[in-house]
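This report concerns only the one structure given below.
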Amino acid sequence: MAIEFTKYHGLGNDFILVDNRSTSTPVITPEKAIAMCDRHFGIGADGVIFALPGENDTDYTMRIFNSDGSEPEMCGNGIRCLAAFLADLEGTSRKSDKYSIHTLAGVMRPQLTFDGEVKVDMGEPRLLAGEIPTTLCPPDQKAVEQPIEVAGKTWEVTCVSMGNPHCITFVDDVAAIKLAEIGPQFENHPAFPQKINTEFIQVISRDRMKMRVWERGAGITLACGTGACAALVAAVLTGRCDRIATVELPGGPLEIEWSDIDQRVYMTGPAERVFTGKF
Ligand SMILES: N[C@H](CCC[C@H](N)C(=O)O)C(=O)O
């Protein structure tokens, strides 16, 4: 049976969105998601995102399959696309600019802003090694600037979870990083029991950084919302940036704030609709 979908992207991190409001389980399997994400034999995307009925008094539930069929806890660019998708689905019956979305990383709160962007309360970062998870240091300690051997070199990584796991390395020149070569070696490193998203950051100033990313389950992407949030937190923890900064990704900029009032991370960026179809 053909599945209707709508293609969205957040700074080139692109997703197939499926209206799954009629049932509480995804209408397609991870295997079918792999086929739909294939950029030659399918639609082409970094993942498939399902708009499901809410749980525990939330408006909706988001689930996502990466392009390799794995299911992550959360997706920052994806939840902005989901908010835009829901607004399109609700049309004139929409009652609010804000949604509460149940995810495997907790309740996320995207808000459609007046200028067509989406601001998301991404919740509090998890910083203890046991919460990432990583074995780079004892579980009750923060993994900040920890050494790790990858591709015959010792790197210093800072690990942050936004519900999904990230390791951040600060470098002098992100353009020089051989991402396709070292990305998979980080992703599958034994120090990360649930694998890892890997961000390389070049700090430009106290409120600006450049980022490139190798995503768990998706490889090189043009942007990573949870990764940008994790990178800002790591930059604050290591004294490199202030709590509000622009993260420049290959696909464009995200504005990130780690509030010193409520310790929550806020991300603001676009969500663009591309086309609809059936698969
Ligand atoms: N590949 C990620 C999920 C998508 C995250 C990224 N696309 C974002 O915008 O946050 C993981 O397995 O944790």
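List of remarks:
- Cα lying deepest toward the dipole's positive end in the range 129-263, options V157, L254, G239, charges on Cβ: V157
- Subset of K119/K195; K119/K278; K7/K119; K95/K119 violating a 23 Å alpha-carbon distance limit: K119/K195; K119/K278
- Per residue, the accessible area of the range 77-142 comes to 47 Å² when a 1.4 Å probe rolls over the protein heavy atoms.
- Span-like helix ranges in the chain, DSSP H, alpha carbon extent 15 angstrom or more, Kyte mean at least 1.6: 225-237
- Relative to the compact-globule estimate of 2.2 N^0.38 Å, the Cα radius of gyration of the range 129-279 comes out at 1.02.
- Helical content alone sets the calculated 222 nm signal of the chain at -5000 deg cm²/dmol, taking -39,500 (n - 2.57) per DSSP H segment of four or more residues and averaging over every residue.
- If you wrap the tightest convex hull around every Cα atom of the chain and split its volume per residue, you get 131 Å³.
The values are calculated or read from the model by the stated rules, or taken from the named source; none is laboratory data. Quick caveat, the model's predicted, so the values are computed rather than measured. A quick note on method: Cβ atoms are made from the backbone with ideal geometry, for glycine too, and the neighbour counts reach across all protein chains shown. The accessibility values were calculated without ligands, DNA or RNA, using every heavy atom of the protein model including side chains. Shrake-Rupley method; radii C 1.70, N 1.55, O 1.52, S 1.80 Å.
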